[in-house]
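One structure below.
The values are calculated or read from the model by the stated rules, or taken from the named source; none is laboratory data. None of these values were measured; they are calculated from a predicted model. Glycine gets a Cβ as well: all are built from the backbone with ideal geometry, and neighbour counts include every protein chain shown. Side chains are part of the model used for accessible areas, which takes the heavy atoms of the whole protein and leaves out ligands, DNA and RNA. Shrake-Rupley method; radii C 1.70, N 1.55, O 1.52, S 1.80 Å.
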Amino acid sequence: MSRIGKLPIVIPAGVEIKNENNLITVKGPKGTMSQKVDPSIKIEIENGEMVFSIDENSPVNLKQKQAFHGLYRSLVNNMVVGVSTGFQKTLELVGVGYRVSNQGNLLEFSLGYSHSIFLQLPSEVKVETKSERNQNPIIMLESCDKQLLGLICAKIRSFRKPEPYKGKGILFKGEVIRRKSGKSASAK
């Protein structure tokens with residue numbers, strides 16, 4: 001049995017969950033999300049809790065069922081948390097002349113290249129940029145979909161990956177980069 005799969009999901013107030021033919025739909029104040037669940041997993045909703053269990057009669061092998069057990073419980077839990085409270089990520093641009101601005105969901109980056117980089121974000125993601133004097137520019141992203149938010153953060157970080165020699169790049173807020181000494185330190 002999966003240790004994560006055994007944990008019940010507590011359904012907060014204001015969140016509705018429907019299960020129709022192994023399609024779970026979660027509706028809350030921040031939005032609506034749905035996830036298809038493998039038929040080898042049984043779902044029971046009672047007393048404000050949702051419990052996942054393995055269907056012993058399904059033809060899928062046991063290892064695969066156990067993997068699905070934890071996976072679908074985590075995916076549905078992320079949906080419940082997302083539609084009730086949402087997820088937030090904060091990115092920081094570290095480097096001389098690095099700038100970011102937004103018009104609605106269109107981000108414009110100036111990252112030391114010869115051209116600006118434009119990124120159109122999906123409508124499910126709310127974005128806010130902050131540029132203050134003598135501080136690094138900050139991008140604050142918010143969404144009810146944890147997977148989409150992580151994908152967008154990875155895409156933004158790919159424009160300028162954090163590098164260990166000068167410490168420049170696009171970092172998560174509070175992320176620490178292990179610095180390396182350059183050639184001069186090893187030449188002695």
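Between the range 138-188 and the range 74-118, what is the C-alpha centre distance in whole Å? The range 138-188 and the range 74-118 have Cα centres spaced 12 Å from each other. Largest GNM mean-square fluctuation among Ser114, Ser53, Ser143, using the chain with Cα springs under 10 Å: Ser114. Surface exposure of the chain, expressed per residue as accessible area with a 1.4 Å probe, stands at 62 Å². Both radii were evaluated on the Cα set of the chain; the Rg over Rh quotient, with Rh as the Kirkwood radius, amounts to 1.11. Once R0 is set to 35 Å, what does the formula 1/(1 + (r/R0)^6) return for the Cβ-Cβ distance between Glu44 and Ala154, expressed as a FRET efficiency to the nearest 0.05? Efficiency, from the Cβ-Cβ distance: 0.50. When +1 charges are put on Lys and Arg Cβ atoms and -1 charges on Asp and Glu Cβ atoms, the dipole computed for the chain relative to its Cα centre reaches about 1360 debye.
Helix 62-84 sits at what angle to the longest principal axis of the chain, using alpha carbons and giving 0 to 90 degrees rounded to 10? The helix 62-84 is inclined about 70 degrees to the chain.
In this label model, Lys36 and Arg179 are separated by 5.1 nm, measuring between points 7 Å along each Cα→Cβ vector. Working note: 222 nm ellipticity from helices only, DSSP H runs with n ≥ 4, each -39,500 (n - 2.57), summed and divided by the residues of the chain, gives -7000 deg cm²/dmol to the nearest 500. Relative to the longest principal axis of the Cα atoms of the chain, helix 146-157 runs at roughly 20 degrees. Please compare each pair in Lys89/Lys126; Lys146/Lys180; Lys18/Lys146; Lys130/Lys173; Lys89/Lys168; Lys42/Lys65 to a cut-off of 22 Å on the Cα-Cα distance and tell me which ones are over it. In this structure, Lys146/Lys180 exceed 22 Å between Cα atoms.
The residue among Ser74, Thr85, Tyr113 whose Cα reaches farthest toward the positive pole of the charge dipole of the range 1-116, with charges on the beta-carbon of Lys, Arg, Asp and Glu, is Tyr113.
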